[in-house]
Amino acid sequence: MSAKAFTPWWRLLHNSIGHRTKLHRWSSTHFDTPVCGICSRENESLYHFSVGCIRKSNFWMDVYTALDKPEFLSSEMAVWTALTSLSQLDNSHCSPEDLAILGCAFSSLWKYHWRSVIDHIAWSRPAAINMFKNEHQIHIQKYLEANVTSA
């Protein structure tokens with residue numbers, strides 16, 4: 001697994017991500033709204049931060065397509081289940097290869113999210129998926145090769 005994935009994933013699993021709903025609850029003077037700064041449509045919960053935001057959902061659909069449509073990324077709930085329980089919707093365990101590429105994708109989503117928020121840059125769907133492809137091209141290639149030979 002990419003070393004870049006450890007901290008964001010650990011923070012997700014330990015509910016230690018500073019999403020807007022949490023930050024607003026802690027300090028409404030500094031964070032005047034719990035609404036997502038990426039889509040401005042819904043309150044930003046941990047789920048919304050990770051997969052529920054329409055921009056993040058589109059990112060996961062692009063990852064799904066880039067990786068030749070693996071089942072464990074087939075829907076928002078499938079991605080959420082894999083991220084939070086390391087298993088698929090049918091309760092079977094994700095393979096180490098699936099988890100490694102999932103970590104790569106989540107680390108890119110994490111990095112692009114904070115770049116957008118901190119630098120006040122609008123979320124760009126092509127830029128987000130390109131970040132994933134560029135930063136993890138070796139992992140993506142290995143993942144695709146492994147799944148072609150196992151199919």
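The values are calculated or read from the model by the stated rules, or taken from the named source; none is laboratory data. Please read all numbers here as calculations on a predicted model, not as lab measurements. Methodologically, a virtual Cβ is constructed for each residue, glycine included, from the backbone with ideal geometry; neighbour enumeration extends over all protein chains shown. Side chains are part of the model used for accessible areas, which takes the heavy atoms of the whole protein and leaves out ligands, DNA and RNA. Shrake-Rupley method; radii C 1.70, N 1.55, O 1.52, S 1.80 Å.
In segment 8-41, which residue that is in contact with a Leu (Cβ under 9 Å, 6 or more places away or on another chain) and loosely packed, with under 11 Cβ neighbours inside 10 Å is modelled with the highest pLDDT?
Asn15
If you go through segment 42-65 and keep only what is more than 26 Å from Asn91 (Cβ to Cβ), open to solvent by 20 Å² or more (accessible area, probe 1.4 Å) and not β-branched (Val, Ile, Thr), you end up with Glu42, Asn43, Arg55, Asn58, Asp62. Enumerate the helices (runs of 4 or more DSSP H) found wholly within segment 20-88, keeping only those where 2 or more residues are over 14 Å from the mean Cα position of the chain (by Cα). Output list reads 20-26, 54-66.
Taking the numbered list (1) in contact (Cβ under 8 Å) with a residue 24 or more places away in the chain; (2) in contact with a helix residue (DSSP H, G or I) (Cβ under 7 Å, 6 or more places away or on another chain) in turn, Asn43 passes all entries but (1). For segment 93-126, a tally of residues being surrounded by 12 or more Cβ atoms within 10 Å (Cβ to Cβ), part of a helix (DSSP H, G or I) and of a type outside the set (Phe, Trp, Tyr) returns 18. Total residues in segment 127-151 satisfying the condition of being more than 15 Å from the chain's Cα centre (by Cα) and surrounded by fewer than 16 Cβ atoms within 10 Å (Cβ to Cβ): the figure is 12.
Comparison of Trp110, Trp80 shows that the only residue that is in contact (Cβ under 8 Å) with a residue 60 or more places away in the chain and of a type in the set (Phe, Trp, Tyr) is Trp110.
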